[in-house]
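Comments concern the structure below.
Quick note: the coordinates plus some simple rules give every number you see, no bench work behind them. Keep in mind the model is a prediction, meaning the values are calculated, not measured. Backbone-built Cβ (ideal geometry, glycine too); neighbour counts: all protein chains shown.
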């Protein structure tokens with residue numbers, strides 16, 4: 001296939017600020033992955049905001065059948081990541097939890113559901 005048949009990719013503008021959701025796994029077991037993420041983003045001229053009050057995404061509770069506990073943990077994150085910046089998560093499973101499951105955890109509360117949809121769309 002000739003190279004000319006491919007269309008040029010277009011990318012959204014590079015953000016100037018992002019949140020880093022470091023995850024409990026990176027915080028406890030592989031902090032170098034979190035530090036490497038910060039270095040990479042900063043090298044690209046992006047300001048990284050790390051909120052010390054962040055905790056777990058809630059996936060362990062959710063995957064173990066404890067939706068109330070997962071919801072409590074998720075609510076803490078919803079209340080933290082309030083600026084409209086992208087949220088960088090150097091963990092596919094935690095990113096998946098926030099993108100896929102947060103909106104469902106808050107489906108019965110229109111205000112929290114809207115916040116969950118907003119956050120999930122920035123991951």
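Based on Cα contacts under 8 Å between residues 6+ apart, segment 1-113 shows a relative contact order of 30 percent. With Cα atoms defining each centre, segment 88-123 and segment 1-60 are spaced 17 Å apart in the structure. The computed semi-axes √(5λ) of the Cα gyration tensor in Å for the structure shown corresponds, within (i) 34, 21, 14; (ii) 27, 19, 15; (iii) 32, 18, 13, to (ii).
Summarising the label geometry, the points placed 7 Å from Cα in the beta-carbon direction at residue 49 and residue 69 lie 3.1 nm from one another.
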